[in-house]
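Q: My structure is below; once you've seen it, I'll send some questions.
The values are calculated or read from the model by the stated rules, or taken from the named source; none is laboratory data. Because the structure is predicted, anything quoted here is derived from the model rather than measured. Note that each Cβ is placed from the backbone with ideal geometry, even for glycine, and that neighbours are counted across all protein chains shown. Ligands, DNA and RNA are excluded from the accessible area calculation, which covers all protein heavy atoms including side chains. Shrake-Rupley method; radii C 1.70, N 1.55, O 1.52, S 1.80 Å.
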Amino acid sequence: MCLTLFSCSTEQKPSTSDPTYTLIFIDKTRSVNVNRAFVMRKYQQAINDIIEQNIRQKGDRLDVYFIHENTSKARALNMTVRAEMEDVSAASPTDREAAETEFDLLLTREKAQIRQRVLQQLVAQNDGASNQRTDIWASLPVIEKASETGLSVKVYYLSDMIESVPGANRRDFQKTPPRDNTQADEWAKADAQNLKRYTIGSPEITMLLPFAPNASVRENNPAVTQYWQTLFAELGVGNVMEE
């Protein structure tokens with residue numbers, strides 16, 4: 001997936017599509033260190049590109065949630081675009097250009113504010129006990145609620161995707177990761193039977209992993225991402241990407 005689709009152009013054009021609901025889940029557990037130079041650069045660029053792509057018109061929404069022990073209740077940011085393009089269907093070319101320029105200015109200001117606030121959440125520290133557990137399953141009811149708005153939902157996980165919740169019927173990939181893709185598929189299909197109680201619709205999902213291209217298989221276990229690919233597919237998601 002190319003997250004830099006719009007980054008080469010500074011001109012804003014009013015969107016004619018339905019508003020977008022963007023969900024960004026930022027991992028705030030001990031296994032993800034955003035202070036590492038590679039991770040910080042990757043996530044800062046991803047946030048810039050996500051905002052550039054998805055914040056286009058009035059009604060676009062963006063929420064940030066922290067991934068940790070209590071993910072579903074960890075909303076850190078909630079913003080809705082207010083900039084509105086006035087109706088210029090009957091306007092002269094000069095008035096239309098003036099209206100587009102005004103809209104462009106207002107939207108650019110809002111995007112800058114949103115970007116600043118999301119980046120603040122990226123670097124926020126979580127030194128509490130909640131950083132010991134990684135409950136990514138708990139993002140599913142959040143996605144379900146977003147899908148109920150009827151908006152186009154795009155979900156971004158800034159995480160290593162290492163689910164780590166002890167207990168019966170849970171997964172703790174810190175202790176017991178899937179050994180290969182076959183086991184990952186088996187676990188995902190079994191877990192999906194329970195998690196299908198969440199109707200998450202058909203969001204676009206992107207997993208932005210904090211691993212350098214030369215990371216070892218031990219550090220970046222491909223079976224873990226295979227698990228999530230299969231789980232989301234079983235839940236009805238047609239478009240799951242990994243960065």
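Residues are listed down the side, and each one gets a yes or a no for (1) open to solvent by 40 Å² or more (accessible area, probe 1.4 Å); (2) of a type outside the set (S, T, N, Q):
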{"site": "I143", "(1), (2)": "no, yes"}
{"site": "P166", "(1), (2)": "yes, yes"}
{"site": "F173", "(1), (2)": "no, yes"}
{"site": "A184", "(1), (2)": "no, yes"}
{"site": "R197", "(1), (2)": "yes, yes"}
{"site": "L209", "(1), (2)": "no, yes"}
{"site": "N221", "(1), (2)": "no, no"}
{"site": "V237", "(1), (2)": "no, yes"}
{"site": "E242", "(1), (2)": "yes, yes"}
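Q: Counting only residues that are among the small types (G, A, S), closer than 13 Å to S72 by Cβ and assigned to a helix (DSSP H, G or I), which one in segment 122-142 is nearest to the chain's Cα centre (by Cα)?
A: S139
Q: Assuming R117 fulfils every condition listed in (1) open to solvent by 40 Å² or more (accessible area, probe 1.4 Å); (2) out of contact with any strand residue (DSSP E or B) (no Cβ under 7 Å at 6 or more places or on another chain) apart from one, which condition is it?
A: Looking at each condition in turn, R117 falls short on (2).
Q: While we're looking at this one, here's another question. Write out, first by first residue and then by second, each pair whose Cβ atoms fall under 8 Å of each other, whose residues are 6+ apart or on separate chains, and whose first residue, in segment 99-123, is in contact (Cβ under 8 Å) with a residue 24 or more places away in the chain while the second is of a type in the set (S, T, Y) and part of a helix (DSSP H, G or I).
A: Correct list of pairs: L122/Y43.
Q: Among (1) under 25 Å from the mean Cα position of the chain (by Cα); (2) without any contact (Cβ under 8 Å) to a residue 12 or more places away in the chain, there is one condition R96 misses while meeting the rest; what is its number?
A: That leaves (1) as the condition not met.
Q: Would you point out which residue out of K42, K58 is over 20 Å from Y157 (Cα atoms), out of contact with any strand residue (DSSP E or B) (no Cβ under 6 Å at 6 or more places or on another chain) and in contact (Cβ under 8 Å) with a residue 12 or more places away in the chain?
A: Exactly one residue qualifies, and that residue is K58.
Q: Please specify each residue of segment 148-176 satisfying the condition of being assigned to a loop (DSSP other than H, G, I, E, B) and of a type in the set (V, I, T).
A: Matches in segment 148-176: T149, I162, V165, T176.
Q: If we scan segment 33-55, do we find a residue that is crowded, with 21+ Cβ neighbours inside 10 Å, closer than 22 Å to I143 by Cβ and in contact with a Pro (Cβ under 7 Å, 6 or more places away or on another chain)?
A: Looking through segment 33-55, none of the residues is crowded, with 21+ Cβ neighbours inside 10 Å, closer than 22 Å to I143 by Cβ and in contact with a Pro (Cβ under 7 Å, 6 or more places away or on another chain).
Q: Is it the case that some residue within segment 113-121 is closer than 23 Å to D18 by Cα, touching a Lys or Arg at 6+ places or on another chain (Cβ under 6 Å) and either modelled with pLDDT under 95 or part of a helix (DSSP H, G or I) (or both)?
A: No, segment 113-121 contains no residue that is closer than 23 Å to D18 by Cα, touching a Lys or Arg at 6+ places or on another chain (Cβ under 6 Å) and either modelled with pLDDT under 95 or part of a helix (DSSP H, G or I) (or both).
Q: Against the condition under 16 Å from D160 (Cα atoms) and modelled with pLDDT of 95 or more, how does V217 come out, does it pass?
A: No, not satisfied.
Q: State which residue is surrounded by the most Cβ atoms within 10 Å (Cβ to Cβ) when the search covers only segment 69-114 and only residues that are touching a strand residue (DSSP E or B) at 6+ places or on another chain (Cβ under 7 Å) and of a type outside the set (K, R).
A: It comes out as T71.
A quick yes/no check of all residues on (1) modelled with pLDDT under 95; (2) over 20 Å from G128 (Cβ atoms); (3) in a loop (DSSP other than H, G, I, E, B):
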site	(1), (2), (3)
F25	no, no, no
Y43	no, yes, no
D49	no, yes, no
E52	no, yes, no
G59	no, yes, yes
D63	no, yes, no
F66	no, no, no
L77	no, no, no
